[in-house]
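Encoded as C-alpha coordinates, the structure appears first; notes follow it.
The values are calculated or read from the model by the stated rules, or taken from the named source; none is laboratory data. Remember, predicted model here, so these are calculated numbers, not experimental data. Reconstructed Cβ throughout: ideal geometry from the backbone, glycine too, with neighbour counts over all protein chains shown.
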Amino acid sequence: MAAPPLTVPAWFGPAYAALDPALQRLHRDGGILAGPVRIEFPPGLRGVIGRRIARRMGIPCDGGVHRLQVTVRSAAGALHWERRFDAGERFRSVFVAVGAYPDGYWVESTATLSLRLGVDIVDGAWHWRHRATMLAALALPAWLGPRLHGEKAVVDGRYRFGVALSLPLLGQVMAYAGSLSLEKA
(Lines give C-alpha, C1' and ligand atoms only; values in the text may rest on other atoms or scores of the structure.)
Protein backbone atom coordinates (compact mmCIF):
# COMPACT_ATOMS: atom_id res chain seq x y z
CA MET A 1 0.00 0.00 0.00
CA ALA A 2 1.41 3.41 -1.00
CA ALA A 3 1.97 6.09 1.61
CA PRO A 4 -0.55 8.96 1.55
CA PRO A 5 0.61 12.15 -0.19
CA LEU A 6 2.37 14.65 2.05
CA THR A 7 0.96 17.97 3.14
CA VAL A 8 3.22 21.02 2.76
CA PRO A 9 4.21 20.99 6.48
CA ALA A 10 4.94 17.26 6.33
CA TRP A 11 7.02 17.69 3.15
CA PHE A 12 9.22 20.27 4.90
CA GLY A 13 9.34 18.34 8.18
CA PRO A 14 11.16 20.21 10.98
CA ALA A 15 12.41 22.82 8.46
CA TYR A 16 8.82 24.11 8.11
CA ALA A 17 9.40 26.08 11.32
CA ALA A 18 12.14 28.06 9.51
CA LEU A 19 9.59 29.57 7.09
CA ASP A 20 8.05 32.91 8.03
CA PRO A 21 4.86 32.20 10.06
CA ALA A 22 2.72 33.98 7.44
CA LEU A 23 4.11 31.71 4.69
CA GLN A 24 3.43 28.72 6.93
CA ARG A 25 -0.23 29.76 7.37
CA LEU A 26 -0.71 30.48 3.66
CA HIS A 27 0.62 27.08 2.58
CA ARG A 28 -1.17 25.24 5.35
CA ASP A 29 -4.55 27.02 5.32
CA GLY A 30 -4.67 28.68 1.89
CA GLY A 31 -5.77 32.20 1.05
CA ILE A 32 -6.27 34.87 -1.58
CA LEU A 33 -3.54 37.43 -2.19
CA ALA A 34 -3.87 40.55 -4.33
CA GLY A 35 -1.98 43.66 -5.26
CA PRO A 36 0.15 45.41 -7.85
CA VAL A 37 2.85 43.65 -9.85
CA ARG A 38 5.38 44.95 -12.33
CA ILE A 39 5.85 42.92 -15.51
CA GLU A 40 9.05 43.39 -17.51
CA PHE A 41 10.19 42.24 -20.93
CA PRO A 42 13.63 43.00 -22.36
CA PRO A 43 13.96 44.74 -25.72
CA GLY A 44 14.33 42.94 -29.03
CA LEU A 45 13.95 39.25 -29.76
CA ARG A 46 14.12 38.29 -26.06
CA GLY A 47 11.07 40.46 -25.36
CA VAL A 48 9.15 39.07 -28.34
CA ILE A 49 9.76 35.52 -27.09
CA GLY A 50 8.94 36.52 -23.51
CA ARG A 51 5.61 38.01 -24.61
CA ARG A 52 4.68 34.81 -26.47
CA ILE A 53 5.40 32.76 -23.37
CA ALA A 54 3.53 35.26 -21.19
CA ARG A 55 0.45 35.06 -23.41
CA ARG A 56 0.33 31.28 -22.92
CA MET A 57 0.56 31.73 -19.16
CA GLY A 58 -2.18 34.34 -18.92
CA ILE A 59 0.33 37.11 -18.15
CA PRO A 60 -0.32 40.50 -19.80
CA CYS A 61 1.97 41.08 -22.77
CA ASP A 62 2.39 44.77 -22.08
CA GLY A 63 4.95 45.57 -19.45
CA GLY A 64 4.30 47.87 -16.54
CA VAL A 65 2.11 47.68 -13.48
CA HIS A 66 -0.89 45.33 -13.37
CA ARG A 67 -3.12 43.88 -10.67
CA LEU A 68 -2.61 40.25 -9.70
CA GLN A 69 -4.86 38.02 -7.65
CA VAL A 70 -3.50 34.65 -6.52
CA THR A 71 -5.56 31.97 -4.83
CA VAL A 72 -3.40 29.48 -2.93
CA ARG A 73 -4.61 26.23 -1.48
CA SER A 74 -2.96 23.05 -0.37
CA ALA A 75 -4.26 19.55 -0.73
CA ALA A 76 -2.42 16.40 0.28
CA GLY A 77 0.76 16.31 -1.76
CA ALA A 78 -0.05 19.32 -3.95
CA LEU A 79 -0.06 23.11 -4.00
CA HIS A 80 -2.75 24.71 -6.14
CA TRP A 81 -2.17 28.26 -7.40
CA GLU A 82 -4.65 30.16 -9.49
CA ARG A 83 -3.34 33.45 -10.91
CA ARG A 84 -5.40 36.18 -12.52
CA PHE A 85 -3.88 39.35 -13.92
CA ASP A 86 -6.19 42.36 -14.18
CA ALA A 87 -9.59 40.99 -15.27
CA GLY A 88 -7.99 38.38 -17.56
CA GLU A 89 -8.27 34.65 -17.69
CA ARG A 90 -7.25 32.45 -14.80
CA PHE A 91 -4.03 30.45 -15.07
CA ARG A 92 -3.82 27.41 -12.84
CA SER A 93 -0.70 25.65 -11.63
CA VAL A 94 -0.50 22.46 -9.64
CA PHE A 95 2.73 21.66 -7.85
CA VAL A 96 3.00 18.00 -6.82
CA ALA A 97 5.36 17.00 -4.03
CA VAL A 98 8.03 14.36 -4.65
CA GLY A 99 10.16 13.09 -1.79
CA ALA A 100 10.74 15.41 1.16
CA TYR A 101 12.78 18.49 2.03
CA PRO A 102 15.70 19.12 1.54
CA ASP A 103 16.33 16.51 -1.19
CA GLY A 104 12.77 16.35 -2.55
CA TYR A 105 11.19 18.70 -5.05
CA TRP A 106 7.89 19.94 -6.48
CA VAL A 107 6.78 19.29 -10.06
CA GLU A 108 4.90 22.05 -11.89
CA SER A 109 3.42 20.73 -15.12
CA THR A 110 1.83 22.20 -18.22
CA ALA A 111 0.60 20.27 -21.27
CA THR A 112 4.01 18.90 -22.33
CA LEU A 113 6.56 20.66 -20.12
CA SER A 114 7.21 20.16 -16.43
CA LEU A 115 9.65 21.78 -14.07
CA ARG A 116 11.27 20.10 -11.09
CA LEU A 117 11.75 22.72 -8.41
CA GLY A 118 13.59 22.26 -5.16
CA VAL A 119 13.18 24.69 -2.28
CA ASP A 120 15.70 26.61 -0.22
CA ILE A 121 14.68 28.48 2.91
CA VAL A 122 16.66 31.69 3.37
CA ASP A 123 15.82 34.07 6.24
CA GLY A 124 12.25 32.70 6.42
CA ALA A 125 11.69 33.11 2.65
CA TRP A 126 10.84 30.35 0.17
CA HIS A 127 13.20 30.20 -2.83
CA TRP A 128 12.47 27.88 -5.73
CA ARG A 129 15.60 26.13 -7.00
CA HIS A 130 15.24 24.95 -10.61
CA ARG A 131 16.47 21.36 -10.78
CA ALA A 132 15.30 20.04 -14.14
CA THR A 133 13.02 20.61 -17.10
CA MET A 134 11.13 17.67 -18.54
CA LEU A 135 9.63 17.53 -22.04
CA ALA A 136 7.04 14.77 -21.87
CA ALA A 137 9.07 12.10 -20.02
CA LEU A 138 12.51 13.21 -21.22
CA ALA A 139 14.83 15.36 -19.13
CA LEU A 140 16.23 18.24 -21.16
CA PRO A 141 19.94 18.93 -20.76
CA ALA A 142 20.44 21.96 -18.50
CA TRP A 143 21.93 23.98 -21.36
CA LEU A 144 18.80 23.41 -23.49
CA GLY A 145 15.95 23.96 -21.02
CA PRO A 146 14.36 27.12 -19.65
CA ARG A 147 15.38 28.31 -16.18
CA LEU A 148 12.95 29.61 -13.61
CA HIS A 149 13.93 31.71 -10.63
CA GLY A 150 11.23 32.38 -8.07
CA GLU A 151 11.05 33.49 -4.47
CA LYS A 152 8.48 34.58 -1.95
CA ALA A 153 8.89 36.28 1.41
CA VAL A 154 6.86 38.27 3.87
CA VAL A 155 8.06 41.86 4.31
CA ASP A 156 6.16 44.33 6.51
CA GLY A 157 3.13 42.03 6.53
CA ARG A 158 2.93 41.81 2.71
CA TYR A 159 3.77 38.85 0.49
CA ARG A 160 6.66 39.97 -1.69
CA PHE A 161 7.57 37.74 -4.62
CA GLY A 162 9.53 37.65 -7.85
CA VAL A 163 9.58 35.31 -10.84
CA ALA A 164 12.04 35.41 -13.75
CA LEU A 165 12.25 33.13 -16.77
CA SER A 166 15.45 32.66 -18.78
CA LEU A 167 16.12 30.70 -21.94
CA PRO A 168 19.39 29.18 -23.16
CA LEU A 169 21.56 31.49 -25.24
CA LEU A 170 19.06 34.35 -24.78
CA GLY A 171 19.04 34.97 -21.05
CA GLN A 172 16.06 36.48 -19.24
CA VAL A 173 12.96 36.84 -21.44
CA MET A 174 10.37 37.81 -18.84
CA ALA A 175 10.04 38.76 -15.19
CA TYR A 176 7.31 39.87 -12.83
CA ALA A 177 7.36 40.85 -9.19
CA GLY A 178 5.07 42.43 -6.66
CA SER A 179 3.95 42.93 -3.11
CA LEU A 180 0.56 41.38 -2.34
CA SER A 181 -1.71 41.63 0.66
CA LEU A 182 -3.82 38.83 2.11
CA GLU A 183 -7.42 39.53 1.09
CA LYS A 184 -8.96 36.38 2.44
CA ALA A 185 -7.61 33.55 4.56
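If the condition is being within 18 Å of LYS152 (Cβ to Cβ) and either of a type in the set (A, V, I, L, M, F, W, C) or within 11 Å of the chain's Cα centre (by Cα) (or both), then segment 73-91 contributes ALA78, LEU79, HIS80, TRP81, GLU82, ARG83, PHE85, PHE91. Let me confirm something: among ALA153, ALA132, ALA185, which residue is touching a Phe, Trp or Tyr at 6+ places or on another chain (Cβ under 8 Å) and closer than 26 Å to PHE12 by Cα? Residue meeting the stated conditions: ALA153.
Consider segment 101-119 and keep the residues that are out of contact with any Ser or Thr (no Cβ under 9 Å at 6 or more places or on another chain) and outside any loop (DSSP other than H, G, I, E, B). The one that is surrounded by the most Cβ atoms within 10 Å (Cβ to Cβ) is TYR105. All told, ALA54 falls short of being out of contact with any helix residue (DSSP H, G or I) (no Cβ under 7 Å at 6 or more places or on another chain), among the aliphatic types (A, V, I, L, M) and over 21 Å from GLY178 (Cβ atoms).
Residues in segment 120-149 that are outside any strand (DSSP E or B), within 19 Å of VAL98 (Cβ to Cβ) and without any contact (Cβ under 8 Å) to a residue 24 or more places away in the chain: ALA137, LEU140, ALA142, GLY145. Of all residues in segment 1-21, those satisfying the criterion of being at pLDDT 95 or above and surrounded by fewer than 17 Cβ atoms within 10 Å (Cβ to Cβ) are GLY13, PRO14, ALA15, ALA17, ALA18, PRO21. The set of residues in segment 34-50 being of a type in the set (A, V, I, L, M), surrounded by 17 or more Cβ atoms within 10 Å (Cβ to Cβ) and either in contact with a Lys or Arg (Cβ under 9 Å, 6 or more places away or on another chain) or over 20 Å from GLY88 (Cα atoms) (or both) consists of ALA34, VAL37, ILE49. Selection within segment 51-100: residues that are in contact with a strand residue (DSSP E or B) (Cβ under 7 Å, 6 or more places away or on another chain) and among the basic types (Lys, Arg). The member of this set that is surrounded by the most Cβ atoms within 10 Å (Cβ to Cβ) is ARG83. Total residues in segment 150-165 satisfying the condition of being over 14 Å from the mean Cα position of the chain (by Cα) and either buried (at least 17 other Cβ atoms within 10 Å of the Cβ) or not in a strand (DSSP E or B) (or both): the figure is 3.
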